[in-house]
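Single-structure report; data block below.
FYI, it's all coordinate maths here, none of it is from the lab. These figures come from a predicted structure and were not determined experimentally. Note that each Cβ is placed from the backbone with ideal geometry, even for glycine, and that neighbours are counted across all protein chains shown.
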Amino acid sequence: MIALDNTVRRALEDEWPDGLLESLPQINLPSALQSGAIAALKSKVLDEKIAITLQMAKLWFSHQLSLTAPSGKFALENSVPERPGRPDKPELVHPMKVKKRKLNSKQGQIALLHSLAHIELNAIDLALDVIARFAREPMPRSFYDGWVQVALEEAKHFSLLRHHLQDMGANYGDFPAHDGLWEAAQETHYSLTVRLAVVPLILEARGLDVAPSMTLKLQELGNHRGAEILSIIYRDEQKHVAIAAKWFRFLCAREGKQPAHTFQKLVRKHFRGPLKPPFNDTARAACGLTPLFYRCLTATNRS
Ligand SMILES: [Fe+2]
Ligand SMILES: [Fe+2]
């Protein structure tokens, strides 16, 4: 096997919940990255979705997968699903029906961690969907490297939160959740530029704004493991936003468009409602998402 880059090796091997990697089911992957991403997207079994994502990343980074299968073999059953496979629970409800609880009770913390786990599960499927849906775009290999790494790290984030929920006597699926993230995926399915603007650069970037205070709060309340997991997620999410910002700028440059202006135009068209301050300007700017992109999209500035 070819030696793996240190960042990839860390994502593949470090920080996963104890014993999880050894307990995942054995998976035989097809020979193409796109088919692997479709298989993981379609899987309704959480451990299987994680195992396929992990195996796909291992094989891709050791150059054992082609990007797509030969077009003649691209059969209908390999088409990208409209919705990802999911277990029966959690029940999906309207966002207004997802109860908000105070963090100072154990139940409140469990509810918060459950909603974060749901976001991370969506994030796995969203990264897989970028790979599967846009595999035939004329993009460099390093674009797919970035999204395989994102899918792999989202799988780790979800697994960490799910196991922490179990340690706290709960499980993923115990509370209803909403489908807002997947609705954003469906709204942006027709264009990679639109997808990058709305999903990672709006929704994922929002995570950078709220994560530091949430981490601090869990730490103050004595949930040190929860705080530690949120720190891992925050570190990785900065990489994810940076990957998206880099490729958004690449696509704009290729089409001769100005990135900040194009971003605002796409967000006004495809994202309902204004962006909510306060923004974590420092972390956002370090990812290449400067205030010039988003400042004018708040309630007071949005026209
Ligand atoms: Fe994540
Ligand atoms: Fe992410």
Between segment 237-303 and segment 77-126, the alpha-carbon center distance in angstrom: 25 Å
Burial ranking of peptide ranges 152-165, 170-183 (average Cβ count within 10 Å, highest at the top): 152-165, 170-183
Cross-link partners of K106 among lysines (Cα-Cα below 16 Å; sequence separation of 8 or more within a chain): K217
For the chain, calculated [θ]222 nm from helices alone, where every DSSP H run of n ≥ 4 adds -39500 (n - 2.57): -18500 deg cm²/dmol
Under 18 Å from the Cα of K99 - lysines, other chains or at least 8 residues apart: K89
Most to least packed among 283-294, 101-112 [average Cβ atoms within 10 Å]: 283-294, 101-112
Dipole moment magnitude, nearest 20 debye, segment 2-62 about Cα centre, only Lys, Arg, Asp, Glu C-beta charged: 340 debye
Long-range amide H partners of T298 with built H, under 5 Å: L275
Residues M214, M96 arranged by fewest to most Cβ contacts within 10 Å: M96, M214
Charge dipole magnitude, Cβ of K and R +1, D and E -1 - segment 29-111, Cα centre, debye nearest 20: 660 debye
Two-site FRET efficiency, E220 against R268, from Cβ-Cβ distance with R₀ of 30 Å, rounded to 0.05: 0.20
Options V198, L128, H163, ranked by Cα towards positive dipole end of segment 69-227, top entry (Cβ charges): H163
Packing-based exposure ordering (other Cβ within 10 Å, fewest first) of E22, E220, E15, E120: E22, E220, E15, E120
Spacing of the two label points (7 Å from each Cα toward its C-beta) at S66 and E255, in nm: 2.9 nm
Computed over segment 1-115: relative contact order in percent, which uses C-alpha pairs under 8 Å that are six or more apart: 26 percent
Net charge dipole size for segment 190-236 [Lys, Arg +1 and Asp, Glu -1 on Cβ; Debye, nearest 20]: 80 debye
For segment 137-193 versus segment 4-25, the gap between their alpha-carbon centres in whole angstrom: 17 Å
Reachable lysines, given that their alpha-carbon falls under 24 Å from the alpha-carbon of K265 and they are not under 8 places away in the same chain: K246, K257, K276
Listed residue (L20, P30, V8) projecting farthest to the positive dipole end of segment 1-41, Cβ model: P30
